[in-house]
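S.K.: Questions regarding the structure given below will be posed in turn.
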Amino acid sequence: MVDAKCDLLLYGNAERAIVEIAHRLAANEPVAQITDVRGTAFVRRPDDETGKGWFEIDSTSVDEVGRVEAHVNPYMTTSEQAAEQGSTCSKEDAAVFAPEKIAGQAMPAVIEGQNDPKIEVNPAIKPLTFVLNPMLPSGSGKLRVPPRDRSVIRLPSYEQVKSDPVLYAHANRVLHLETNPGNARALVQAHGEGVTARDVWITAPPIPLTTAEMDFVFDLPYARSPHPIYADENGSHDGVTKIPAWEMIRFSINIMRGCFGGCTFCSITEHEGRIIQSRSEDSVIKEIEDIRDKVKGFTGTISDLGGPTANMYRLGCRSPEIEAACRKPSCVYPGICQNLTTDHGPLIKMYRRGRALRGVKKILVSSGLRYDLAVKSPEYIKELVTHHVGGYLKIAPEHTEQGPLTKMMKPGIGSYDKFKTLFDKYSLEAGKKQFLIPYFIAAHPGTSDEDMMNLAVWLKKNGFRADQVQTFYPSPMATATAMYHSNKNPLRKITRDSETVDVVRGDKRRRLHKAFLRYHDANNWPLLREALKTMGRTDLIGNGKHHLIPTFQPLTDGNYTSARRKNSTTVAVKPSSPAKAVSTPQSGRILTQHTGLPPRDNGSGPPKSKAAVKFRR
C-alpha cells in the first residue's frame, strides 16, 4: 500500500468488494471515503477525522514491564516501611496517635465538630466515590468487549516488526486470529514517523459467497483460454507457444474455494478464507458440458474435479452460531472438530452424475486430498479409488514425526496408515494397480536432524523413493514463515520467553535434510554417512536391507536420473522460417516461451556439421 501509493487495495477473491466499489464510484463517491468495505486495505493519516469513533485495542508490544517492587529491608519496622512508601501503618499509628482509644472506648473525635465551621478541612482529602465499571454489565461477571465491527487492533508498527523478530511473530499471530469473518476485527499498522507517518488499515475479511453467488461467478462466459497476445499466428497455444501452467488446468474444474486445514506453511486461508464456499452440483455439471462442447482439444477426460482440497466440498460447521464465534485456526487439528460435518455424500453424487455424461470418458481427481477427512467416509474412498484415480493419487502427510507435525498443524502418520489400508483394499477390489504419492517437506521449522533421519528410515521401510521433494521455503503471510524468521511459535501466545522453534538454516543443514528425503540418491551418501556418524547412528550404514545407506560409494557424475517418466520431453530445435519473425531477436523486445521463443538447444536435435563445430572452437 505505502510503496504503491494506491487509493484502495482489495484482497482475496473480492467479488463483493469489486461490485460495491464499482457502484459507489459510479455514484461519484470519492474513493477516499470508501473505507467501510470488507476485504480492503487503505492508507490514512493518524489524525484523519474519518478514523475517529473506533475502539482501538493496543497490541503493539509484548512482555510490558509492570510495577517493580523495591526489596524490603528486614531490619525496618512495619511502620518505617510504610513511611518510606509514603503511607502509614494503621495499627501502630492508632496506638501512637490515638491514645483516647483506651479500655475499649473509642473517642468520636472526628464526629465531634465535623460541622464546626471553625475547623479547617484539608482540601486534599477527597471522599471515595465508587462507580460501575462500564466494561462489566450490571449483575454479570462477564467482560463486556467493544463491538467488533467498530474495533480495530493496532499492530506493532512496520519499523518495529522490521527490526524485532518477536514483534513480527506477535503481529503474525494476531493477523491469523482475525481471519474468521464472523468475529474478525480490523487491523491497523503505523508506517513512518513525523510528517511521513501513515496508518495502513485492513478491514475485516469479506463475507463468504453463498452457493447461488458462487454459481453466478463461475457461470460467467469465460474464454477458457489464455490471452490472444500469447498465441501464435494461427491463434493456438501449441508448439513453441504452449503454456505448461495452462495445459495443467486446461480441462480442470474448480468446485469450491477455501480451506479450514490451517497448515502453517500455507496461506490459502488468508486468500480464500477458511469457510468452504461450494458451487452447486448443477453448476459444476454445466461446466463439464461446456468443456466437452466448446473447448478445443478435449478428448473426454476431465483432468481434475477439485479445489484447494479435493474433498472439502460442502463441508463446514454444523452450527452457524458456533462458526461465527470460533477462533480456532484449524477445524482438523489436533483432531477433527466435533462440530465439523464430514459427509462426503454430495461429492459422491456429483462424481457419479459427471461420469454419466455423454462424451465424458473419465473424471480424475488431481487436487490434494485430506486423508484424515476421507477415512471418515469409506464409501468416498471406494468411489474415488474405483473411478477417479489415474494410477497415482497425491496426498501430503508432510512428515512422520510429531516435532515438525505440531509446527505444521498436520495429523499424525497414523491417519495416513488408515487411509492407505482402505486405498489398497479398494484398489484390489477394483482390479487396479494404483499407488499413493506422499509429499514430504524437508527443513520445515521445528524439524531436527533426528526427525529427518526417522523419516528416511520410514520411507525405506515402506518402499518409497521420493523423486520430487520440496525443501521448506518461507512464503508471505504463512505462520511457518514467522517461525522461520523469529524462532518463535505463533501458534501460542508470543512473549520474549515463549516457546522457541528449531529453525533449519544454512546451506549445509538444509542440504542434509533434503538428502535424507532422497536417501536413495548415491550423490547424497557421503553427506549422509558423515551425518549418521555424528549422530551416533552408524548402525544405519551397511549393505543389508535394514540399512539406510551402503558402505560403498559408486562413481557418479553428480547427476541423478529418475526412475519415473519425466514430466516433459525434449524437443528438437528446428530452424525458424523467415516468416516467424517472433522467434528472431528484435531490438526492444524480450522473447519468452509465451511470445514464441523456441526451446533451447538441449542436445536432442540433429548433430551439428563439422564446419559448425570447427567454427565454435
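S.K.: I'd like the full set of residues that are more than 24 Å from the chain's Cα centre (by Cα) and assigned to a loop (DSSP other than H, G, I, E, B), limited to region 189-216.
M.R.: Gly192, Glu193, Ala197
S.K.: Now for a different question. How about region 159-214: which of its residues are touching a strand residue (DSSP E or B) at 6+ places or on another chain (Cβ under 9 Å), polar (S, T, N, Q) and surrounded by fewer than 19 Cβ atoms within 10 Å (Cβ to Cβ)?
M.R.: Gln160, Thr210, Thr211
S.K.: Do you know which of the residues in region 54-93 that are among the charged types (D, E, K, R) and in a loop (DSSP other than H, G, I, E, B) is modelled with the highest pLDDT? I'd like the intermediate steps shown before the answer.
M.R.: Within region 54-93, the first condition is being among the charged types (D, E, K, R), and the residues that meet it are 56, 58, 63-64, 67, 69, 80, 84, 91-93.
Among the residues that remain, those that are also in a loop (DSSP other than H, G, I, E, B) are: 63-64, 67, 69.
On the way: Asp63: 77, Glu64: 67, Arg67: 60, Glu69: 64.
The qualifying residue modelled with the highest pLDDT is Asp63.
S.K.: Scan region 529-536 and give yes if some residue there is acidic (Asp, Glu) and surrounded by 15 or more Cβ atoms within 10 Å (Cβ to Cβ), otherwise no. Reasoning before the result, please.
M.R.: If we filter region 529-536 for residues that are acidic (Asp, Glu), which is where we start, we get 530.
From what's left, surrounded by 15 or more Cβ atoms within 10 Å (Cβ to Cβ): none.
No, that holds for no residue.
Rundown of residues vs (1) at pLDDT below 95; (2) farther than 25 Å from Ile441 by Cα; (3) among the hydrophobic types (A, V, I, L, M, F, W, C); (4) part of a helix (DSSP H, G or I), yes/no style:
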{"position": "Lys533", "(1), (2), (3), (4)": "no, no, no, yes"}
{"position": "Val573", "(1), (2), (3), (4)": "yes, yes, yes, no"}
{"position": "Ser577", "(1), (2), (3), (4)": "yes, yes, no, no"}
{"position": "Pro598", "(1), (2), (3), (4)": "yes, yes, no, no"}
{"position": "Asp601", "(1), (2), (3), (4)": "yes, yes, no, no"}
{"position": "Ser604", "(1), (2), (3), (4)": "yes, yes, no, no"}
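S.K.: Looking at region 374-413 only, could you name the residues that are touching a Cys at 6+ places or on another chain (Cβ under 9 Å) and more than 19 Å from Cys337 (Cα to Cα)? I'd like the intermediate steps shown before the answer.
M.R.: Going residue by residue through region 374-413, those that are touching a Cys at 6+ places or on another chain (Cβ under 9 Å) are 396, 398, 408-410.
Those that are touching a Cys at 6+ places or on another chain (Cβ under 9 Å) and more than 19 Å from Cys337 (Cα to Cα): Ala396, Glu398.
S.K.: Further, regarding this structure: Six or more apart or on different chains, Cβ under 6 Å: which pairs go from a residue in region 201-225 that's at positive phi to one that's open to solvent by 60 Å² or more (accessible area, probe 1.4 Å) and assigned to a helix (DSSP H, G or I)? Could you list them?
M.R.: Nothing qualifies.
S.K.: In addition: Would you mention how many residues in region 38-53 are surrounded by 16 or more Cβ atoms within 10 Å (Cβ to Cβ) and outside any strand (DSSP E or B)?
M.R.: Qualifying residue count for the region: 3.
S.K.: Given the residues Pro156, Pro137, which is the only one that is in a loop (DSSP other than H, G, I, E, B) and modelled with pLDDT of 95 or more?
M.R.: Values: Pro137 fails: modelled with pLDDT of 95 or more.
Result: Pro156 is the single residue among Pro156, Pro137 that is in a loop (DSSP other than H, G, I, E, B) and modelled with pLDDT of 95 or more.
S.K.: Every residue in region 357-386 that is closer than 13 Å to Ile302 by Cβ and surrounded by fewer than 16 Cβ atoms within 10 Å (Cβ to Cβ), please.
M.R.: Looking only at region 357-386, we keep the residues that are closer than 13 Å to Ile302 by Cβ, and these are 357, 359-367.
Selection gives Leu357, Gly359, Lys361, Lys362.
S.K.: Only one of (1) closer than 28 Å to Ala204 by Cβ; (2) free of Cβ contacts under 8 Å to residues at least 12 places away in the same chain fails for Tyr313. Which number is that?
M.R.: Failed condition: (2).
S.K.: Pull up region 411-431, narrow it to residues that are part of a helix (DSSP H, G or I), farther than 18 Å from Glu398 by Cβ and not aromatic (Phe, Trp, Tyr), then point me to the one that is most open to solvent (accessible area, probe 1.4 Å).
M.R.: Leu428
S.K.: State the number of residues belonging to region 463-509 that are more than 30 Å from Glu272 (Cα to Cα) and either open to solvent by less than 50 Å² (accessible area, probe 1.4 Å) or aliphatic (A, V, I, L, M) (or both).
M.R.: So the count comes out to 5.
S.K.: Which residues, taken from region 217-245, are in a helix (DSSP H, G or I) and open to solvent by 40 Å² or more (accessible area, probe 1.4 Å)? Before the answer, list the steps.
M.R.: Initial filter on region 217-245 (in a helix (DSSP H, G or I)): 217-218, 228-230, 239-241, 244-245.
Hits for region 217-245 are Phe218, Pro228, Ile229, Tyr230, Gly239, Val240, Pro244, Ala245.
S.K.: Of the conditions (1) within 28 Å of His271 (Cα to Cα); (2) in a loop (DSSP other than H, G, I, E, B); (3) in contact with a Pro (Cβ under 6 Å, 6 or more places away or on another chain); (4) not acidic (Asp, Glu), Asn543 clears all except one; give me its number.
M.R.: Asn543 satisfies every listed condition except (1).
S.K.: Shifting gears a bit: Name every residue in region 377-403 that is aliphatic (A, V, I, L, M) and in a strand (DSSP E or B), in order of residue number.
M.R.: Filtering region 377-403 for residues aliphatic (A, V, I, L, M) gives 381, 384-385, 389, 393, 395-396.
Of everything in region 377-403, those that are aliphatic (A, V, I, L, M) and in a strand (DSSP E or B) turn out to be Leu393, Ile395, Ala396.
S.K.: How many of the residues in region 440-462 are under 12 Å from Met408 (Cβ atoms) and either open to solvent by 60 Å² or more (accessible area, probe 1.4 Å) or not aliphatic (A, V, I, L, M) (or both)?
M.R.: Number of matching residues: 6.
The values are calculated or read from the model by the stated rules, or taken from the named source; none is laboratory data. Fair warning: this is a prediction, and the values are worked out from it, not measured in the lab. Cβ coordinates were reconstructed from backbone atoms using ideal geometry, including for glycine residues, and neighbour counts include every protein chain displayed. Each accessible area value is taken on the protein alone, full model and side chains, heavy atoms only, with ligands, DNA and RNA left out. Shrake-Rupley method; radii C 1.70, N 1.55, O 1.52, S 1.80 Å.
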